[in-house]
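*Asks:* A single structure is presented below for examination.
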Amino acid sequence: MVDLESEVPPLPPRYRFRDLLLGDQGWQNDDRVQVEFYMNENTFKERLKLFFIKNQRSSLRIRLFNFSLKLLSCLLYIIRVLLEKPSQGNEWSHIFWVNRSLPLWGLQVSVALISLFETILLGYLSYKGNIWEQILRIPFILEIINAVPFIISIFWPTLRNLFVPVFLNCWLAKHALENMINDLHRAIQRTQSAMFNQVLILISTLLCLIFTCICGIQHLERIGKKLNLFDSLYFCIVTFSTVGFGDVTPETWSSKLFVVAMICVALVVLPIQFEQLAYLWMERQKSGGNYSRHRAQTEKHVVLCVSSLKIDLLMDFLNEFYAHPRLQDYYVVILCPTEMDVQVRRVLQIPMWSQRVIYLQGSALKDQDLLRAKMDNAEACFILSSRCEVDRTSSDHQTILRAWAVKDFAPNCPLYVQILKPENKFHIKFADHVVCEEEFKYAMLALNCICPATSTLITLLVHTSRGQEGQQSPEQWQKMYGRCSGNEVYHIVLEESTFFAEYEGKSFTYASFHAHKKFGVCLIGVRREDNKNILLNPGPRYIMNASDICFYINITKEENSAFKNQDQQRKSNLSRSFYHGPSRLPVHSIIASMGTVAIDLQDTSCRASSGPTLALPSEGGKELRRPSIAPVLEVADTSSIQTCDLLSDQSEDETTPDEETSSNLEYAKGYPPYSPYIGSSPTFCHLLQEKVPFCCLRLDKSCQHNYYEDAKAYGFKNKLIIVAAETAGNGLYNFIVPLRAYYRPKKELNPIVLLLDNPLDDLLRCGVTFAANMVVVDKESTMSAEEDYMADAKTIVNVQTLFRLFSSLSIITELTHPANMRFMQFRAKDCYSLALSKLEKKERERGSNLAFMFRLPFAAGRVFSISMLDTLLYQSFVKDYMISITRLLLGLDTIPGSGFLCSMKITEDDLWIRTYARLYQKLCSSTGDVPIGIYRTESQKLTTSESQISISVEEWEDTKDAKEPGHHRSIHRNSTSSDQSDHPLLRRKSMQWARRLSRKGPKHSGKTAEKITQQRLNLYRRSERQELAELVKNRMKHLGLSTVGYDEMNDHQSTLSYILINPSPDTRLELNDVVYLIRPDPLSYLPNSEPSRKNSICNAAVQDSREETQL
């Protein structure tokens, strides 16, 4: 073993411990070869080429020096002409020889040597194997002509006075200027402007032509009229301008030939230049050019990024953006990848917009286009999605990429992004403000089923208006509705406010009521200085601080308001006639009478479940005493707040024991266990105790758990809400959650049926005949119609069919274009609808942004367009809180301590309150609710509408049928049997026979003929309605459904509904008025300890607020 070990050779001395750690570097250094790259650039020629050509900055200096030399040579030529004495005689020697002083000759020789050396050096450096290509270039030839004679004169002194056409150096100066501009753009890394270069080429070409013509004519006329430079300039200008006075003309044949040659050159060169300039100008008009950097640094501007710009979107943005006074000096830069539309171009040529709106054709994904729009200096960037795309997810992907590109290019620019699908929101969480279309759409559709016309309420609140719409109309409701539509949401710090400063240290409800009583403003929310969350109606326990930011609804903001006391108001007689009739008291009288009302503290015990009424206060035995309302306390008293109502569930108390046990088994309160998409706000709501199997979700198919195949068989106690949609997307989550929120009573939870296809059989199976509301969502597959406004065609026709088949059904529809709302429940011969159409046109001519508001379906909340909410994103630039407030009102966000939107209905038992101000006091003093508006329904008193004509005709026909039994039997046979529907030819034959009989019979008087014509028309109308009724009933019988409850005649055509936002305090309450309320959060009355709060939320029963409030 020892021998074997001794035979192992020892390690070389270089293998040390350091070598084991660092590697065998010494061995590697022995065999490694160092390679140097780009050795070709180290040659003398390449270094010269790098200095003179490749390097932008050094090349720019060389070209600037060359340009200066050419200008200097032209200047020396002019000096030589001015210093030269006029020659005597007309000899041809004066053409070839001139008088040149020695110093001038020395300067010209020096310039020629430098120019020729530079030209030869650049030709050598740019040589690529073809020497004739370098020699035959026009700049090289001109350089040889202007420089070589001066160099020869050094060695041949007799040639020092030889004429050299140095003025041709102006063309070399033009060439050097073009190259210099190109190097300048490369050096400062700016995008080269083809328009700027073309204009520069045109101007320099024109100057060179004129300068060449001046110098040539002056020199050739040395043997003629002896023209000086000024006379030559005058002749050239007169000639090129085609004026031709004729007072100065060339005499020699050489000068005449030169003029002809120059005119020919001008006629060839200049049109080519002008054509290229015109082409570039047209292209620039399409692309939009650039936004001036100087303007971007001195003026404020915003950028609007869209994939395709339509005229409606543009006008909505401009009207809403420039509606705010402080935005009048802003510029709007539109960045769009498509070419400008003809209508958009026509609008942008209007002086009002041409001075403030700049259109740039480009992509937000290109840094060059973002630099053109000066995105880094913009005050904000609005990125809008294209809702007319077939694939809305693809449209969202494009929006996301635009938002990322803008954020990468300009990190400090505020982003206002519109997204379509809620599942794509989390990609743009970094944006300052985000509006998701499907979230708001489904939430408004859901609240429309609970609080009527919520979509109209929100739309009017987010639009900027002065409340002047409808003031010229003779209709009283249009004046009231138009005036109240001017109310918007504003904010102000409490200590800086005249409205609210005196309520520091008072409760929120006290401040809200007294501010409305004194100033007519509606305080709806507040935000602490150290908190980002806005609280809507935090309740009577919230104490106002001086630093609080108050949010209120008013016609205008406080800064633009003037204040008058009551005496001045009486003298000015500013009675608001558009709020009340002539028999109603003025505002100050009502307020004064309210101040003297006797105060009777009401019973603060728990409310009895007596029904949804504002009950009269009990006064013991004093039945004749005028009822009074408790005052609103400055600081909430624990005993005066009905905490039992807030902590109990009245819907459970009012049920029978059997119903109570069944309801307790079915429902529990908690948070949804699964969220359909990232970014959805968790909402405390009603949940089923046990998860329902998937097979049981099909209403029209039975399974092993139940055998029901239609909605009637389920025996639902509440009416259905049917949602007709194309697909079951994630946005439906925002439809279901507001309808299942924890503050909704259990007994008022309506079953929700999702209808993915709507043929008549499916409609009947899902219970359309006894549904409370039917919600029709716009079809995504029809949004990409060839004609933009045809995107709603399928939805409108389907809704019209439903309206004709089920006229008593409450249908809520969402459309893509607001202009198509006029086709909802369309009646061609309705005179009132035609009158409203004329009113809409007049309001649009007056510049109103809400011209569509007087359409009856929109005013009643039966239709809305999600594009109306685009203004919400635009308003958030000035009011950064509008998106948060709208989300709270719609129930998309829930903040602890913030209230929610609900409604109550005024019944006959509630009319003792009389006015809106007394209702405000009643609500604030009892439950802490804050009313914000009224939804009013009135009878439509018309005599010429088609509906009323048909109804009156049917009544007359019914009375006539009682007198004519035979005729009654014939009509009854047609109405009850299916002969008419099965044999339309028979009915048509009978109508033709009746016409022939009327023509062949004896001549009747005018009244008789008119009566027969009216009967015939009534028969046709009645037959059409009965045909529809028979069709529906026959299909129901065929499907085995009961026809009980189907009413084909009861419709709502004789009523109109509208909204009064923040009406005047003296507005009279009317029967069936629906009052919008912001109710305090019931959970805010729970103990403040956090652990117990969480347990109480999960286990304890909280208040189920009623839609029809009992106070």
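*Asks:* Residues with amide H under 5 Å of LEU754's amide H, sequence separation 5 or more or different chain, H placed in the peptide plane at 1.01 Å from N; which?
*Replies:* Placed amide hydrogens put VAL723 under 5 Å from LEU754.
*Asks:* Counting only residues 5 or more places away or on other chains, whose amide H sits under 5 Å from the amide H of ALA380 once H atoms are built in the peptide plane?
*Replies:* VAL303
*Asks:* At a 10 angstrom cut-off on C-beta neighbours, averaged per residue, how do the peptides 757-764, 486-493 rank from highest to lowest?
*Replies:* In decreasing order of mean packing, 757-764, 486-493 become 486-493, 757-764.
*Asks:* Expressed as a whole percentage, what fraction of the accessible surface of the range 350-492 belongs to carbon and sulfur atoms when a 1.4 Å probe is rolled over the protein heavy atoms?
*Replies:* With neighbouring chains kept in place, the figure for the range 350-492 is 49 percent.
*Asks:* Set the Förster radius R0 to 30 Å, insert the Cβ-Cβ distance between LYS838 and SER939 as r into 1/(1 + (r/R0)^6), and round the FRET efficiency to 0.05.
*Replies:* Efficiency, rounded to the nearest 0.05: 0.85.
*Asks:* Okay, moving on. What percentage of all Cα-Cα pairs in the range 335-402 are separated by more than 19 Å?
*Replies:* When every Cα pair of the range 335-402 is considered, 45 percent fall beyond 19 Å.
*Asks:* Here is a further query. From the backbone phi of the range 162-175, what are the Karplus-calculated ³J(HN,Hα) couplings (6.51 cos²θ - 1.76 cosθ + 1.60, θ = phi - 60°) in whole Hz, Gly and Pro given as x?
*Replies:* 5, 6, 10, x, 5, 5, 5, 5, 4, 6, 5, 5, 4, 4
*Asks:* Report the semi-axes of the equivalent ellipsoid for the range 698-761 in whole Å, largest first, where each axis is √(5λ) for an eigenvalue λ of the Cα gyration tensor.
*Replies:* Ellipsoid half-lengths, sorted descending, are 21, 18, 11 Å.
*Asks:* Quick one: Kirkwood hydrodynamic radius for the range 68-160, alpha-carbon pairs, angstrom, one decimal?
*Replies:* 14.9 Å is the Kirkwood radius here.
*Asks:* Rounded to a whole number of µm²/s, how large is the Stokes-Einstein D of the range 119-240 at 4 °C and 1.567 mPa s, given Rh as the Kirkwood radius over C-alpha pairs?
*Replies:* My calculation gives 75 µm²/s for D.
*Asks:* Here is a further query. Given the Cα atoms of the range 266-425, and with Rh set as the inverse mean 1/r over their pairs in the Kirkwood sense, what is Rg to Rh to two decimals?
*Replies:* Using Cα coordinates only, the ratio equals 1.02.
*Asks:* Next question. What are the principal axis extents of the Cα atoms in the range 455-569, in Å, biggest first?
*Replies:* 48, 40, 23
*Asks:* OK, next. If you count, for each residue, the other Cβ atoms within 10 Å and average over each peptide, how do 801-810, 346-355 line up from highest to lowest?
*Replies:* 801-810, 346-355
*Asks:* Tabulate in residue order the Karplus-calculated ³J(HN,Hα) for the range 903-910, using 6.51 cos²θ - 1.76 cosθ + 1.60 with θ = phi - 60°, rounded to whole Hz; enter x for Gly and Pro.
*Replies:* Calculated HN-Hα couplings, in order: 8, 9, 10, 7, 9, 5, 6, 9 Hz.
*Asks:* Give, in nm to one decimal, the length gained when the segment between GLU251 and ASP391 is fully stretched (0.36 nm per residue of separation minus the Cα-Cα distance).
*Replies:* 42.6 nm
*Asks:* Which residues' amide hydrogens lie under 5 Å from the amide hydrogen of VAL776, considering only partners 5 or more residues apart or on another chain, with H built in the peptide plane?
*Replies:* Here ALA724, ILE812, THR813, GLU814 satisfy the definition.
*Asks:* Another one. What are the equivalent ellipsoid semi-axes of the range 813-885, built from the alpha-carbon gyration tensor (square roots of five times its eigenvalues), in whole angstrom, biggest first?
*Replies:* Values for the range 813-885, descending: 27, 15, 9 Å.
*Asks:* Something else: Considering just Cα atoms, how many Å³ per residue does the convex hull of the range 344-452 enclose?
*Replies:* With only Cα atoms used, the range 344-452 gives 157 Å³ per residue.
*Asks:* Taking a threshold of 26 Å on the Cα-Cα distance, which of the pairs LYS374/LYS441; LYS717/LYS922; LYS441/LYS879; LYS506/LYS905; LYS49/LYS70; LYS532/LYS691 fall above it?
*Replies:* In this structure, LYS374/LYS441; LYS717/LYS922; LYS506/LYS905; LYS532/LYS691 exceed 26 Å between Cα atoms.
*Asks:* Also: If we count every other residue with Cβ under 12 angstrom of LEU401's Cβ, Lys/Arg +1 and Asp/Glu -1, where does the sum land?
*Replies:* Residues near LEU401 contribute +1 overall.
*Asks:* Further question on the same structure: Quick check: from the Cα gyration tensor, does the range 219-310 come out rounded (a/c under 1.5), prolate or oblate?
*Replies:* prolate
*Asks:* How large is the convex hull of the Cα atoms of the range 120-176 per residue, expressed in Å³ as a whole number?
*Replies:* 93
*Asks:* Can you run phi through the Karplus equation (6.51, -1.76, 1.60; θ = phi - 60°) for the range 534-540 and list ³J(HN,Hα) in whole Hz, with x for Gly and Pro?
*Replies:* 8, 10, 7, 6, x, x, x
The values are calculated or read from the model by the stated rules, or taken from the named source; none is laboratory data. Note that the structure is predicted; figures quoted are calculated from it, not measured. Using ideal geometry, Cβ is built from the backbone for each residue, glycine included, and neighbour counts are taken over all protein chains shown. The accessibility values were calculated without ligands, DNA or RNA, using every heavy atom of the protein model including side chains. Shrake-Rupley method; radii C 1.70, N 1.55, O 1.52, S 1.80 Å.
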